[in-house]
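Every number in this text was worked out from the coordinates using simple rules, so none of it is lab data. Bear in mind the structure is a predicted one, so any value in this text is a computation, not a measurement. Cβ placement follows ideal geometry from the backbone for every residue including glycine, while neighbour counts extend to all protein chains displayed.
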Amino acid sequence: MPVRAEHDRAVLAGLLGRDPALHAYQLGDLDDFFWPYTTWFRRGQEVALLYHGADPPTLLAFAAPPRVAELTELLRELAPVLPARLWAHLSPGCEPALAPAFRMEPAGPHLKMALTEPVRLATTAPAGVVLGAADLPALNRLYAQAYPGNWFDPRMLDTGQYVGVRDGDEVVSVAGVHVFSPAYRVAALGNVTTHPRARGRGLGAAVVAALCGRLLGSVAHVTLNVKADNGPAVRLYERLGFTRVADYGEYALTARVR
């Protein structure tokens, strides 16, 4: 079965909804907030997303191990029409499908985690207030100092799902989302950081706990991505009730001569 562009959100939601924790980012991108920035491809039961809301665009392609072969065929057929420069998030085993057409610079192994034991949130006192557009300058200063190279898009403040701790005019700790979709019942935490001078006080756990408490009022699945070698972050999320649901790799792709 050849690759085809897929424009039917109901079809995509049905396919991705088989594994909401694995596909939370893609399910969230079906929402009206993200949909205009997406292009979807399907081969049989497998789906790949090219998200244009970032520079460079980002390719998301995930499958459980028994389905990786089918996803690999999708990516092999898709490779000639992908942009010459992009970022890719791929399930293990998919890399050979793109390697002939792209130079692949790995950014290391990553984990997908899901909040499977929310009762553990009660072990941490939540802290922080909801941030809005007026906090953008302070938030940008925090990210420049504590998390340069993050994936923050100011539009995400419009979700109302950024929680931060203020110290005077500054934001010193924040937890936010990359994806938030009550319609598809998923959220993905992102852009979580604490200013170096405020670390060691439990603020990171406190703002994550506060944000998760908010999210659970609107969605059924709270997920996140984290670098596999970021031991302190992984342990923090596990303490709050997250468990590992999948491995994946991130890559910077540059087209070979076509």
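What to note about this one:
- Any chance L74 is out of contact with any helix residue (DSSP H, G or I) (no Cβ under 9 Å at 6 or more places or on another chain), under 30 Å from R4 (Cβ atoms) and buried (at least 19 other Cβ atoms within 10 Å of the Cβ): no
- Taking each residue of the range 219-230 that is more than 17 Å from P118 (Cα to Cα) and looking for partners that are among the hydroxyl-bearing types (S, T, Y) with beta-carbon atoms closer than 7 Å, six or more apart or interchain, yields V226/Y237.
- Selection count, the range 51-60, where residues are outside any loop (DSSP other than H, G, I, E, B) and either over 13 Å from L12 (Cβ atoms) or of a type in the set (S, T, N, Q) (or both): 3
- Listing of strands (runs of 3 or more DSSP E) fully contained in the range 135-201 that carry 2 or more residues being without any contact (Cβ under 8 Å) to a residue 24 or more places away in the chain and either of a type in the set (F, W, Y) or closer than 25 Å to G241 by Cα (or both): none
- Test result for A21, among the small types (G, A, S), surrounded by fewer than 22 Cβ atoms within 10 Å (Cβ to Cβ) and in contact with a Lys or Arg (Cβ under 8 Å, 6 or more places away or on another chain): yes
- Scanning the range 165-208 for residues that are touching a Pro at 6+ places or on another chain (Cβ under 7 Å) and under 19 Å from L236 (Cα atoms) turns up just one, A206.
- Residue within the range 145-167 that is surrounded by 19 or more Cβ atoms within 10 Å (Cβ to Cβ), in contact with a Leu (Cβ under 9 Å, 6 or more places away or on another chain), aromatic (F, W, Y) and under 19 Å from P118 (Cβ atoms) present: no
- Matching residues, the range 209-240, being in a loop (DSSP other than H, G, I, E, B), hydrophobic (A, V, I, L, M, F, W, C) and surrounded by fewer than 23 Cβ atoms within 10 Å (Cβ to Cβ): L216, A220, A228, L240
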